[in-house]
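K.L.:
Take this structure first; my questions come after.
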Amino acid sequence: MTKNLQIELSDDIYAAMLILSLVTRQSPEEMAAEWVAMAVTAITGKPLQVAKSMSMGSPLGTPLGNILGMATGIGPYDMPRTRGGKRPQAMGAVPAPNKEAAKATYQLKVTLRESKPPIWRRIQVPGSITLVKLHRVMQVVMGWEDYHLHQYIVDGVYYGTKDPEFEVMGTETVNERGVKLYQIAPDVGSRFVYEYDFGDGWQHQVVVEKLLPAKAGATYPVCIAGKRACPLEDVGGVWGYQDFLQVINNPSHPEREEMLEWAGGAFDPEVFNLEEVNDALRRVR
């Protein structure tokens, strides 16, 4: 006989499991299933099989589902739900194509999560753009220098460069070269995470704002708006960046000159040059 199991989690435990899932490369359901099986076996002395599809949620009822990747930037109260209440795609699965979306021009809002005030870009790209090329676009529009690894996380599925180390740890990564934007984000309102530099953990929330017809003679990709400068590479993530800004904005801080020298002599967090970004985008292949 099969029994359904629903687990209600406190906010602290909920957040801890999401963080732990990044280390173990398991979904929270898989971790919880193993823990329940071990606990029952220890008590009864009998092996227990627990399905990995158990339902878990926060006290507010937010479904955990297969959204371990959302630990890279979407908190317990704003995790995206699958449309129509459906569960996310199985790990490794590429969603069925949407032919209309494939022909459309996507308007995306890209926001660096936890940045205050927010660092964001609004871009337009073909729906048929590959995730490999979209990565190059993200690097240019945000201002990164592509020194580190990256991945996309869509409803708990990882897309990126296949890494034997991650495969050994039990997480399958879908090769991004075979996937296009319209396949992972078929509708207006679709969202996913683009993560860059697993050490600093720069997590970008990407939201599909509009699906537009391609304009005759228009060149894509194009950035149409944005605010604030990209943080420096290897600054230590969002919190390290905030510390850096506090230091350079304090003339009496003993590390100010050293920090400014490391930053190249000067740094203005409010600067964003749309013309320069679009000039660089024209060279993206």
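The values are calculated or read from the model by the stated rules, or taken from the named source; none is laboratory data. None of these values were measured; they are calculated from a predicted model. Ideal geometry is used to build each Cβ from the backbone, glycine not excepted, and the neighbour counts take in all protein chains shown. Note: areas computed on protein heavy atoms with side chains; ligands, DNA, RNA excluded. Shrake-Rupley method; radii C 1.70, N 1.55, O 1.52, S 1.80 Å.
K.L.:
Given the conditions (1) modelled with pLDDT of 95 or more; (2) surrounded by fewer than 21 Cβ atoms within 10 Å (Cβ to Cβ); (3) not aliphatic (A, V, I, L, M), which single one is not true for Gly170?
P.N.:
So Gly170 meets the others, but not (1).
K.L.:
Follow-up. Looking at Arg285, is it loosely packed, with under 13 Cβ neighbours inside 10 Å, in contact with a helix residue (DSSP H, G or I) (Cβ under 9 Å, 6 or more places away or on another chain) and among the charged types (D, E, K, R)? It would help to see each step written out before you state the result.
P.N.:
Numbers: loosely packed, with under 13 Cβ neighbours inside 10 Å: yes; in contact with a helix residue (DSSP H, G or I) (Cβ under 9 Å, 6 or more places away or on another chain): yes; among the charged types (D, E, K, R): yes.
Judged against the criteria, Arg285 is a match.
K.L.:
Additional query: In this structure, does Phe192 turn out to be closer than 20 Å to Thr130 by Cα, surrounded by 15 or more Cβ atoms within 10 Å (Cβ to Cβ), at pLDDT 95 or above and among the hydrophobic types (A, V, I, L, M, F, W, C)? Don't jump to the end; show me each part of the working.
P.N.:
Numbers: closer than 20 Å to Thr130 by Cα: yes; surrounded by 15 or more Cβ atoms within 10 Å (Cβ to Cβ): yes; at pLDDT 95 or above: yes; among the hydrophobic types (A, V, I, L, M, F, W, C): yes.
For Phe192, the condition - closer than 20 Å to Thr130 by Cα, surrounded by 15 or more Cβ atoms within 10 Å (Cβ to Cβ), at pLDDT 95 or above and among the hydrophobic types (A, V, I, L, M, F, W, C) - is met.
K.L.:
So is Gly75 more than 30 Å from Glu233 (Cα to Cα), open to solvent by 10 Å² or more (accessible area, probe 1.4 Å) and either modelled with pLDDT under 50 or touching a Ser or Thr at 6+ places or on another chain (Cβ under 7 Å) (or both) or not? Even if it seems obvious, please write down each step before you answer.
P.N.:
Values: more than 30 Å from Glu233 (Cα to Cα): no; open to solvent by 10 Å² or more (accessible area, probe 1.4 Å): yes; either modelled with pLDDT under 50 or touching a Ser or Thr at 6+ places or on another chain (Cβ under 7 Å) (or both): yes.
So Gly75 fails the test.
K.L.:
Counting only residues that are of a type in the set (Gly, Ala, Ser) and without any contact (Cβ under 8 Å) to a residue 40 or more places away in the chain, which one in region 238-285 is nearest to Arg113 (Cα to Cα)? Spell out how you get there, then give the answer.
P.N.:
First, the residues of region 238-285 that are of a type in the set (Gly, Ala, Ser): 240, 252, 263-266, 280.
Subsequent filtering for residues that are without any contact (Cβ under 8 Å) to a residue 40 or more places away in the chain retains 252, 263-266.
Working: Ser252: 30, Ala263: 22, Gly264: 25, Gly265: 27, Ala266: 24 Å.
Filtering first and then ranking leaves Ala263.
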